[in-house]
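The values are calculated or read from the model by the stated rules, or taken from the named source; none is laboratory data. Values in this document were obtained by computation on a predicted structure and should not be read as measured data. Cβ coordinates were reconstructed from backbone atoms using ideal geometry, including for glycine residues, and neighbour counts include every protein chain displayed.
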Amino acid sequence: MPKLTDRQNATYTAYSRLRADILNGTLPAGHRLTETAQAERLELSRTPVREAIGRLISEGFVERGEGYSTRVAEFAPEELLYVFEIRARIEAYAARQAALNCTPEDIARLRTLAEVMSARTPARSNADFDAIAQANEAFHRLLYNAAKSPRLQVIIAAVVDVGVVAWTYRSYSDRAMIRSAQHHEELVDAIEAREPDWAENVMRAHVLAAKACIVGLSVRDAAE
């Protein structure tokens, strides 16, 4: 693996810290992000902060406003439901293809990531939430790759918002988090068994259960 340059390390540091602060609420939805303010706060130069914000925009954590302004993205309930409807269809198919094409190395890595999530569930700290969100993101990306379909990966990248998926963990109850962790474990079992129908059904249930959490969150917000 090539060694990262100082600039790449600084950009990754800026990206990781900004992403974590968005997920834990330090930088709330709608908060204006300026390169100067964030560079001073993170004690970094403006260039890595600019590059980090660019990556966060591409992942859906940050959105552009008028002119050159950027803000932490706001996830409207209607938008979230739409994203999960799409995920239920596309990711179920990806799981099916992964069960047919996954390598033993892919399966071992998926198992490790599922175990990381289970070990941190239910989350009791920001560190737990961050670890689960990162492992979940890595798990799903690896599963997409394991489907061995470049065209499918392009489609998923266009419609699955990484920021939305990571953010939703904050709305989970303990019961929902435990169920999600169990789904990941069962997905690996299904893929390892080379059972595409099983893998497809577990993934669909996994995504629809996440959608149900968002519906519950929307109802609570409307009642307050």
Report task. Report whether or not E85 is in the same structural domain as I155 (by TED's automatic domain parsing) and in contact (Cβ under 8 Å) with a residue 40 or more places away in the chain. Result -> yes
Query raised in the report: Quick one: in the range 68-82, which of the residues that are without any contact (Cβ under 8 Å) to a residue 12 or more places away in the chain and not hydrophobic (A, V, I, L, M, F, W, C) is nearest to V49 (Cα to Cα)?
Result: Y68
Query - Extreme residue, surrounded by the most Cβ atoms within 10 Å (Cβ to Cβ), among residues of the range 22-58 that are out of contact with any strand residue (DSSP E or B) (no Cβ under 7 Å at 6 or more places or on another chain) and under 19 Å from S171 (Cβ atoms) - result: L23
Requested in this report: Among the numbered conditions (1) surrounded by 16 or more Cβ atoms within 10 Å (Cβ to Cβ); (2) within 23 Å of Y93 (Cβ to Cβ), tell me where A131 comes up short.
Outcome: (2)
Query raised in the report: Is it the case that some residue within the range 146-168 is at pLDDT below 95, more than 16 Å from the chain's Cα centre (by Cα) and closer than 24 Å to A20 by Cβ?
Result: no
Report task. Can you give me the number of residues within the range 107-126 that are in a helix (DSSP H, G or I), out of contact with any Asp or Glu (no Cβ under 9 Å at 6 or more places or on another chain) and of a type in the set (S, T, N, Q)? Result -> 2
**Report entry** Answer residue from the range 103-128, given it is surrounded by 16 or more Cβ atoms within 10 Å (Cβ to Cβ) and modelled with pLDDT under 95 and is nearest to S173 (Cα to Cα) among those
**Finding:** A123
